[in-house]
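First up is the structure itself, then whatever we jot down about it.
The values are calculated or read from the model by the stated rules, or taken from the named source; none is laboratory data. Since the model is a prediction, treat every value here as computed from it, not as a measurement. Every residue, glycine as well, gets a Cβ built from its backbone with ideal geometry; the counts of neighbours run over all protein chains shown. Ligands, DNA and RNA are excluded from the accessible area calculation, which covers all protein heavy atoms including side chains. Shrake-Rupley method; radii C 1.70, N 1.55, O 1.52, S 1.80 Å.
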Amino acid sequence: MVGKRRGRGGNGGGSPRSSSGKPRAGGRALREPAIFAKANDCKSEPPAEKLTLAQARRGTPAHRPVRVYADGIFDLFHSGHARALMQAKSLFPNTHLIVGVCSDELTHKYKGYTVMTEDERYDALRHCRYVDEVVRDAPWTLSPEFLRDHNIDFVAHDDIPYTSAGSEDVYKHIKEAGMFVATQRTEGISTSDLITRIVRDYDIYVRRNLQRGYTARDLNVGFINDKKYRLQNQVDKMKETVRTVEEKSKHFVYRVEERSQDLIHKWEEKSREFIGNFLELFGPDGAWHAIQERSGRMLQALSPYSSPRGSPSSSPTRRRSLSPSPPSPTSPFPPSSLSTPSSPISRRKKGGSYNSRNLH
């Protein structure tokens, strides 16, 4: 049975919608959870006419959907379960999918202990989008009376023989009656695989739950193991802190290196720009030499002329300025008295005293 292998599901299958995108006839609104089947629902109705696979595949009237049954345990409901139910829902154009879920008592007797309780498993199936109806406390082996009471047309399950309850294949009589439709399993995921992961990484999950506030009593962990796990958690926190500091340090060093490289590039650009400007101004063909040449030409143009010998004393202007000027005809004093610096009067004046006897 689907799910009795703890998570054997199926791949493939289509959608419960038609090619036009509208919900197929007989499908429930996806927002609503599936209903729970009641024992008297189908008994009060007249038995439906028997359908063949060819008739079901061609399509049935809206008031007569094909009633497909899929059963299982569905512990830790996962994508493998959902894919198996998707295939069952998509077997025919107009399908009403009924899912039977075995109780805890029956499951523990034939299969083993479950992680989820039966009520949790019932509710998980109700909220699967492909399920129209859920049968609680489903039988382990499908009897003709059960099939008749629920007006089941076909039973969907993978085609591998399922050995259980002293039978080589619990679906053998269903196959012989022509009511069996095969689905495909989903490999790589099952309830047993999920439990194996938890058992394999037991210490990790215990420490995880201790960190989240669960007590050692809740996890059924002894005193010594509790202290060990808590110490390991502290060590892990310290390691995480060290890793965080290392990452921050690496990031800081990287930023410093990046900034230093940027500064070096900027300095190089500025130095090249400064050298270029300097050469442009003071180079052989620079503006400074052009200014000097222009100023030299201007000074040369302003100078009257230069001496042939190049001596400033031989200049005619210089000679004219050094020759004595002739005395004025109206001057009462001779020229010597005007130009001689050693006259007695001038010496006396320089000495700061005047003696009348020196005049005689």
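Just to verify a result, which residue in the stretch 155-174, among those that are under 25 Å from Glu49 (Cα atoms) and outside any loop (DSSP other than H, G, I, E, B), is most open to solvent (accessible area, probe 1.4 Å)?
Per the criteria, the residue is Lys172.
Enumerate the helices (runs of 4 or more DSSP H) found wholly within the stretch 51-154, keeping only those where 1 or more residues are out of contact with any Asp or Glu (no Cβ under 7 Å at 6 or more places or on another chain), closer than 20 Å to Ile189 by Cβ and open to solvent by less than 60 Å² (accessible area, probe 1.4 Å).
79-89, 104-110, 118-126
Does Val99 satisfy the condition of being out of contact with any Gly (no Cβ under 9 Å at 6 or more places or on another chain) and either closer than 24 Å to Gly59 by Cβ or in contact (Cβ under 8 Å) with a residue 40 or more places away in the chain (or both)?
Judged against the criteria, Val99 is not a match.
In the stretch 212-229, which residue that is open to solvent by 100 Å² or more (accessible area, probe 1.4 Å) and not hydrophobic (A, V, I, L, M, F, W, C) is modelled with the lowest pLDDT?
Checked the stretch 212-229; the qualifying residue modelled with the lowest pLDDT is Lys227.
Residue by residue through the stretch 175-187, note down the ones that are open to solvent by less than 30 Å² (accessible area, probe 1.4 Å) and out of contact with any helix residue (DSSP H, G or I) (no Cβ under 6 Å at 6 or more places or on another chain).
Result: Met179, Val181.
Looking at (1) closer than 30 Å to Asn209 by Cβ; (2) hydrophobic (A, V, I, L, M, F, W, C); (3) out of contact with any helix residue (DSSP H, G or I) (no Cβ under 7 Å at 6 or more places or on another chain), which one does Val221 not meet, given that it meets all the others?
(3)
Only residues in the stretch 145-161 that are over 12 Å from Ala88 (Cβ atoms) count as the first member; pair them with residues that are open to solvent by 80 Å² or more (accessible area, probe 1.4 Å), Cβ under 6 angstrom, at least 6 apart or cross-chain, and list the lot.
Listed by first residue and then by second, the contacts come to Asp149/Lys43.
Give me a count of the residues in the stretch 174-200 that are without any contact (Cβ under 8 Å) to a residue 12 or more places away in the chain and more than 20 Å from Leu76 (Cβ to Cβ).
3
Please go through the stretch 188-211 and give me each residue that is open to solvent by less than 40 Å² (accessible area, probe 1.4 Å), closer than 21 Å to Ala84 by Cβ and either in contact with a strand residue (DSSP E or B) (Cβ under 7 Å, 6 or more places away or on another chain) or of a type in the set (Val, Ile, Thr) (or both), ordered by number.
Hits for the stretch 188-211 are Ile189, Thr191.
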